[in-house]
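To start, the structure itself, in structure tokens.
The values are calculated or read from the model by the stated rules, or taken from the named source; none is laboratory data. Keep in mind it's a predicted model, so treat the numbers as computed, not measured. Cβ atoms come from the backbone with ideal geometry, glycine included; neighbour counts cover every protein chain shown. Please note that ligands, DNA and RNA were not included when accessible areas were found on the heavy atoms of the full protein model with its side chains. Shrake-Rupley method; radii C 1.70, N 1.55, O 1.52, S 1.80 Å.
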Amino acid sequence: MNEQDILQKFNDMSKNTLLETLDIEFTAVGEDFLSGKMPVTSKVHQPFGLLHGGASIVLAETLGSTLSNIILNSDDFVAVGQHVDANHLRPKKEGIIFGHATVVKQGRTSHLIKIEIKDENDKLICYTHLTNAIISKKHV
């Protein structure tokens, strides 16, 4: 599949999920990376009107686990989030945030993915590491 077909496939799979609810969109994919974006609106605010850290983590885990599944490209196995470590570095009230996930370590039973989330001015909003477990689809 080419880049546009992969992006279309995963954007289509987002329908009727949390990704659609938060308006997360996959924007670029390569051999070892996946990028996406999410608007910062009241839909993803915490009570003080700032981007909720949990929404940043949803974007990060979405990009990281999807990247692992693209790499796996398997009928028998699937990558699922096992551990997320996130540092929320800067507040955001409105606009768009952009996530970029890259592979740190690709193992047989787990993948370690780094996700950086930045704003329109390339300022780092959230830095995340995600460990994905590689499990049999029989267990899903």
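Please specify each residue of the stretch 95-113 satisfying the condition of being under 17 Å from Gly36 (Cα atoms) and more than 17 Å from the chain's Cα centre (by Cα).
Gly95
Tell me which residues, restricted to the stretch 41-55, are touching a residue at least 60 places away in the same chain (Cβ under 8 Å) and among the hydrophobic types (A, V, I, L, M, F, W, C).
Leu51
If you go through the stretch 22-39, how many residues are of a type in the set (D, E, K, R), assigned to a loop (DSSP other than H, G, I, E, B) and either without any contact (Cβ under 8 Å) to a residue 24 or more places away in the chain or touching a Pro at 6+ places or on another chain (Cβ under 9 Å) (or both)?
The number of residues fulfilling the criteria is 2.
Taking the conditions exactly as written (open to solvent by 50 Å² or more (accessible area, probe 1.4 Å) and either in a strand (DSSP E or B) or modelled with pLDDT under 95 (or both)), does Asp122 satisfy them or not?
Against the criterion (open to solvent by 50 Å² or more (accessible area, probe 1.4 Å) and either in a strand (DSSP E or B) or modelled with pLDDT under 95 (or both)), Asp122 does not qualify.
Would you point out which residue out of Val80, Val103 is of a type in the set (A, V, I, L, M, F, W, C) and open to solvent by 50 Å² or more (accessible area, probe 1.4 Å)?
After ruling out the rest, the residue left standing is Val80.
Considering only residues that are part of a strand (DSSP E or B), more than 27 Å from Val44 (Cα to Cα) and touching a residue at least 12 places away in the same chain (Cβ under 8 Å), which ones fall in the stretch 93-108?
Val104, Gln106 - these are the residues of the stretch 93-108 that are part of a strand (DSSP E or B), more than 27 Å from Val44 (Cα to Cα) and touching a residue at least 12 places away in the same chain (Cβ under 8 Å).
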